[in-house]
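Before any comments, here is the structure.
The values are calculated or read from the model by the stated rules, or taken from the named source; none is laboratory data. This one's a predicted model, so the numbers in the text were calculated from it and none came from an experiment. All Cβ positions, glycine included, derive from the backbone under ideal geometry; neighbour counts span all protein chains shown.
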Amino acid sequence: MKVLIAVTHLLGTGHLSRALTLARAFDHEGHQVTLVSGGFPAPQLDTCGVTLVQLPPLRSDGVDFTRLLTAEGSVAQAEDLAQRQSQLCAALQKAQPDVLITELYPFGRRSLRGEFLALLEAAHKMPRRPVILSSVRDILAPPSKPEKAEKADAVISHFYDAVLVHSDPAATRLQVSWPVSPMLEAKLRYTGYVAPAAAGPHPERAGTGEILVSAGGGSVGADLYRTALEAARLMPDHRWRLLVGGTDAAARIAEFAQAGSPALLEPARPDFRQMLSHAAASVSMCGYNTALDLLQAATPAVLIPFDAGNETEQSLRADSLAPLDGIEVLATAALTPEALCTAVKAAMQAPQRDSSGFRFDGAARTVEIAAQLEKERG
């Protein structure tokens with residue numbers, strides 16, 4: 001079975017990371033996978049077994065997802081979008097997939113609707129139309145206006161065979177964050193959480209006894225890092241390690257280093273998930289992938305949900321995790337060095353967290369659902 005996954009991450013790297021996990025699951029079962037990425041390259045992510053097609057990359061202007069910037073930092077123009085659209089459709093024709101998956105669209109990425117619609121229309125015109133699936137995380141950014149949900153419904157109804165919801169329905173259903181119409185309900189397929197296999201211990205036990213501070217792979221989290229630098233002064237008995245993401249990580253580290261904190265500063269690491277197994281605590285935002293990493297590793301954790309630009313997704317996710325042992329939630333408005341230290345100590349003193357009841361087999365289940373739908377099509 002040939003599979004094409006289209007994804008564009010505009011701020012952090014979570015969307016691309018999850019799409020790559022799906023791609024590797026298809027590859028593991030012997031399927032041929034092409035992943036078309038429209039965001040900035042993320043060399044720290046594993047692309048093994050995946051044919052990666054890189055479009056001219058775009059990123060959002062901070063949390064303004066309607067203003068897209070090119071690799072040169074200029075505002076994307078019509079010719080930039082046309083070039084991406086042409087290359088995306090060319091990748092479709094070359095791959096000739098049996099299954100086409102669009103990550104997040106049409107529930108998000110509305111600023112890129114032109115290229116996604118062109119892709120969907122081209123897929124429908126193929127001699128043998130592929131099974132078309134939308135791939136979404138457990139919690140979406142709720143639509144600001146009812147017509148946004150209505151427009152998404154119209155696209156789903158016209159183009160899609162099913163919507164893959166990467167959540168354990170016993171924990172979080174799509175209705176928590178998105179209005180689910182009867183039409184949409186009929187197309188939902190819950191897969192369980194999409195996560196790589198648990199990382200297990202680090203071969204060098206890196207991170208042992210440390211407080212690991214991270215903010216994903218994007219250029220975000222400046223206030224979190226600055227607060228952690230000050231908090232490290234207040235907890236001299238623990239080593240704090242700040243893992244700084246983004247293409248500008250070196251410049252940001254140089255800026256943070258001027259604070260003269262005892263904390264260790266370094267770029268985001270590919271072995272971060274293994275380090276979590278040994279850490280005394282984690283301090284992070286609450287993106288989908290980070291939340292699953294923390295659940296798998298059972299690391300005591302302080303979550304500071306990303307809420308800039310009226311974002312609510314991470315706050316909803318953090319609230320759903322707050323009742324679990326060893327998880328403290330701290331709003332950005334309440335973020336101070338003293339409050340962070342108090343939350344870290346509370347998380348470390350809590351009982352060991354048991355996450356055995358969660359389903360983390362969403363990638364394998366996605367492959368099964370896609371294969372079944374492709375088989376039923378005949």
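Kindly check whether there is at least one residue in the range 191-208 that is more than 19 Å from the chain's Cα centre (by Cα), farther than 21 Å from L316 by Cα and in a strand (DSSP E or B).
no
Of all residues in the range 171-182, how many are part of a loop (DSSP other than H, G, I, E, B) and within 23 Å of the chain's Cα centre (by Cα)? Explain how you work it out, then say what you get.
Going residue by residue through the range 171-182, those that are part of a loop (DSSP other than H, G, I, E, B) are 171-173, 177-181.
Filter again for within 23 Å of the chain's Cα centre (by Cα), leaving 171-173, 177-180.
Here the count works out to 7.
Which one of these does G14 not meet: (1) buried (at least 21 other Cβ atoms within 10 Å of the Cβ); (2) under 15 Å from the mean Cα position of the chain (by Cα); (3) small (G, A, S)?
(1)
Pairs needed: first member in the range 131-157, within 20 Å of L100 (Cβ to Cβ); second member anywhere, modelled with pLDDT of 95 or more and acidic (D, E); C-beta distance under 7 Å; at least 6 residues apart or different chains.
V131/D98; V131/D161; V131/E374; I132/D161; L133/D161; S135/E103
For (1) among the small types (G, A, S); (2) in contact (Cβ under 8 Å) with a residue 60 or more places away in the chain; (3) out of contact with any helix residue (DSSP H, G or I) (no Cβ under 8 Å at 6 or more places or on another chain); (4) not in a strand (DSSP E or B), each residue gets a yes or a no:
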| position | (1), (2), (3), (4) |
| --- | --- |
| E266 | no, no, no, no |
| F306 | no, yes, no, yes |
| T342 | no, no, yes, yes |
| S355 | yes, yes, no, yes |
| F358 | no, yes, no, yes |
| V367 | no, yes, no, yes |
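Look at S219 and say whether it is in contact with a strand residue (DSSP E or B) (Cβ under 9 Å, 6 or more places away or on another chain), part of a loop (DSSP other than H, G, I, E, B) and under 19 Å from T332 (Cα atoms).
The answer is yes for S219.
Within the range 58-91, can you find the residues that are touching a residue at least 40 places away in the same chain (Cβ under 8 Å), of a type in the set (A, V, I, L, M, F, W, C) and either assigned to a loop (DSSP other than H, G, I, E, B) or in contact with a Ser or Thr (Cβ under 9 Å, 6 or more places away or on another chain) (or both)?
Listed by number, the residues that qualify are L58, V63, F65, L68, A91.
Kindly provide the set of residues from the range 306-328 that are β-branched (V, I, T) and either crowded, with 19+ Cβ neighbours inside 10 Å or touching a His at 6+ places or on another chain (Cβ under 8 Å) (or both), ordered by number.
Passing the criteria: only I327.
For the range 212-242: of the residues being buried (at least 23 other Cβ atoms within 10 Å of the Cβ) and either touching a His at 6+ places or on another chain (Cβ under 7 Å) or free of Cβ contacts under 8 Å to residues at least 40 places away in the same chain (or both), which is farthest from T290 (Cα to Cα)?
If we take residues in the range 212-242 being buried (at least 23 other Cβ atoms within 10 Å of the Cβ) and either touching a His at 6+ places or on another chain (Cβ under 7 Å) or free of Cβ contacts under 8 Å to residues at least 40 places away in the same chain (or both), then A232 is farthest from T290 (Cα to Cα).
Please list, ordered by residue number, the strands (runs of 3 or more DSSP E) wholly in the range 92-170 having 2 or more residues that are modelled with pLDDT of 95 or more, among the small types (G, A, S) and surrounded by 20 or more Cβ atoms within 10 Å (Cβ to Cβ).
Strands (runs of 3 or more DSSP E) meeting the threshold: 131-137.
Which one of the conditions (1) of a type in the set (A, V, I, L, M, F, W, C); (2) over 26 Å from F40 (Cβ atoms); (3) part of a loop (DSSP other than H, G, I, E, B) does C286 fail to meet, given that it meets all the rest?
(2)
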